[in-house]
1. Can you report the number of residues in segment 328-344 which are more than 21 Å from ARG293 (Cβ to Cβ) and of a type outside the set (S, T, N, Q)?
2. Inside segment 314-368, can you point out the residues that are among the acidic types (Asp, Glu) and touching a helix residue (DSSP H, G or I) at 6+ places or on another chain (Cβ under 8 Å)?
3. Condition first: assigned to a loop (DSSP other than H, G, I, E, B) and either touching a residue at least 24 places away in the same chain (Cβ under 8 Å) or within 24 Å of LEU284 (Cα to Cα) (or both). Can you find one or more residues in segment 312-320 that meet it?
4. Tell me yes or no: at least one residue of segment 385-397 is at pLDDT 95 or above, of a type outside the set (S, T, N, Q), assigned to a loop (DSSP other than H, G, I, E, B) and surrounded by fewer than 18 Cβ atoms within 10 Å (Cβ to Cβ).
5. So which residues in segment 344-367 are modelled with pLDDT of 90 or more and either under 21 Å from LEU47 (Cα atoms) or in contact with an Asp or Glu (Cβ under 6 Å, 6 or more places away or on another chain) (or both), if there are any at all?
6. Sort out which residues of segment 217-230 are modelled with pLDDT under 95 and surrounded by 20 or more Cβ atoms within 10 Å (Cβ to Cβ), and write them in order of number.
7. Scan segment 215-232 residue by residue and report those that are within 22 Å of LEU96 (Cβ to Cβ) and either in a loop (DSSP other than H, G, I, E, B) or in contact with a helix residue (DSSP H, G or I) (Cβ under 6 Å, 6 or more places away or on another chain) (or both).
Amino acid sequence: MKFDSIVIGGGMAGLSAALRLAEAGQKTLLMASGQSALHFSSGSVDLLESDGDPRAALPAFMAAHPDHPYSKVGMQNIEGSLADLQRHCAEEGLPLMRQEHNHQRLTPIGTLKSTWLSPDTCACMTDAPAPDAILLATLEGFRDFHPALAAANLATHARFAHSRILTGEIRLPQLAQFSRNPHEFRSADIARLFDKQGPGQQDLLADLAREISRMVQGCGVPGCRHIVLPACLSLGLVGPRLSELERRTGCTIKEVATMPPSLIGMRMQEALKRRFMALGGTFLTSERVLGARYDGDKVIGVHSQHGEDQLFEADHFVLASGSFFSRGLESRLGGIREPIFDADVLSLAERDAWAGRRLFDHHPFMGFGVKTDDKLRVLRGGKPLANLYGAGSVLAHYDPIKEGSGSGVAVATGWQAAG
């Protein structure tokens with residue numbers, strides 16, 4: 001099978017590359033091995049940890065880190081990649097909000113995380129004053145969001161010094177079916193129940209609206225109209241459902257990502273996948289790439305677990321297979337290895353030096369990954385492969401946790417590799 005371009009990896013970097021290639025008219029194949037890290041993601045896009053506008057901080061940051069992926073992409077292309085992501089998501093009914101500086105997204109434990117882009121259904125702190133009262137609510141029996149914990153942490157934040165932070169629990173008898181097996185009572189299970197509502201069935205959304213109204217009336221705080229729920233009301237686009245709840249209750253209702261699987265991250269992946277396929281792209285899932293064939297310094301094709309005799313050929317390839325979590329990198333006693341192309345990797349010879357001594361120390365292994373030249377071409381044996389480009393968390397020379405740059409690097413390098 002022959003394509004113009006093949007992208008390996010179905011996460012944020014792979015999808016960003018595949019979308020640009022497909023929109024440019026290339027016959028593009030995306031090969032995904034299964035669930036990407038987006039299933040464990042908040043769905044927000046971090047650009048760079050910064051008190052002000054991270055775009056203003058980027059030039060100095062890139063000058064201080066010449067090998068960083070951002071430095072190989074450049075400021076203009078970073079902004080272009082993020083604008084394209086917003087456009088593609090909007091086309092699929094998933095608008096992303098941003099300000100002229102980082103906003104703060106509410107986490108499931110009640111802390112505030114700085115980020116650049118977030119789905120507009122998410123509970124975020126913007127430039128608007130904090131509400132006089134906010135009610136954090138969960139569904140009875142749901143174990144992956146604990147309002148009391150979130151409220152206690154949120155109350156310590158200066159932005160909420162003058163806010164009443166309340167908690168509540170919503171009881172829906174339709175969820176009793178999950179009491180037989182509490183291990184199935186997860187956000188995706190609840191979302192499927194809401195999604196399969198059809199004619200002739202009891203209106204679960206109407207029941208939820210009534211319960212929210214009852215909870216608000218019973219909280220004892222007049223004017224409490226800001227509600228935060230765990231993200232569990234739909235596997236698909238939740239905006240229309242939240243709007244309907246707001247219409248029925250008169251409240252402003254936002255959602256917070258829960259413990260994995262994260263429905264907000266899953267929606268992002270599905271929206272970008274739909275957009276890619278609508279542009280004519282081919283998406284193969286459960287197709288783990290295991291090796292490649294070469295002609296000199298060029299990759300001519302890759303093969304998957306289905307055998308070396310089935311070769312996927314292309315003119316260009318993008319390696320966006322992820323880091324250790326996605327098995328894009330393998331950690332062995334003898335060192336770090338990139339398993340598909342045996343690419344050159346940045347690592348440390350002494351294994352004891354890979355991690356800090358304490359959990360929240362800096363961990364050098366976070367910066368391990370595939371080496372590339374200034375055009376993001378993957379190095380093998382010290383030389384760039386002419387038609388293989390690297391993107392996302394498989395790359396070396398950046399620490400997404402320390403820098404607050406994970407999804408930003410994925411989007412920018414995927415987009416730039418495609419370019």
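The values are calculated or read from the model by the stated rules, or taken from the named source; none is laboratory data. Since the structure is predicted, the reported quantities are computational estimates derived from the model, not experimental observations. As a convention, Cβ positions derive from the backbone with ideal geometry for all residues, glycine included, and neighbour counts pool all protein chains shown. With ligands, DNA and RNA removed, areas are computed over all heavy atoms of the protein, side chains included. Shrake-Rupley method; radii C 1.70, N 1.55, O 1.52, S 1.80 Å.
1. Keep residues of segment 328-344 that are more than 21 Å from ARG293 (Cβ to Cβ), which gives 329, 331-336.
After this cut, where a residue has to be of a type outside the set (S, T, N, Q) as well, the list is 329, 332-336.
Residues that pass the stated criteria total 6.
2. In the first step, residues of segment 314-368 are kept if they are among the acidic types (Asp, Glu); the result is 315, 330, 338, 342, 344, 350, 352, 361.
Selection gives GLU338 alone.
3. Within segment 312-320, the first condition is being assigned to a loop (DSSP other than H, G, I, E, B), and the residues that meet it are 320.
Add one more test, that the residue is either touching a residue at least 24 places away in the same chain (Cβ under 8 Å) or within 24 Å of LEU284 (Cα to Cα) (or both), and what stays is 320.
The answer is yes; a qualifying residue exists.
4. no
5. VAL345
6. Step one: filter segment 217-230 for residues modelled with pLDDT under 95, giving 217-225.
Listed by number, the list holds a single entry, CYS224.
7. To start, the set of residues in segment 215-232 that are within 22 Å of LEU96 (Cβ to Cβ) comprises 226-232.
Those that are within 22 Å of LEU96 (Cβ to Cβ) and either in a loop (DSSP other than H, G, I, E, B) or in contact with a helix residue (DSSP H, G or I) (Cβ under 6 Å, 6 or more places away or on another chain) (or both): ALA231, CYS232.
To keep it simple, each residue is scored yes or no on (1) free of Cβ contacts under 8 Å to residues at least 12 places away in the same chain; (2) surrounded by 14 or more Cβ atoms within 10 Å (Cβ to Cβ).
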position: VAL289; (1), (2): no, yes
position: GLY322; (1), (2): no, yes
position: ARG332; (1), (2): yes, no
position: ALA355; (1), (2): yes, yes
position: VAL370; (1), (2): no, yes
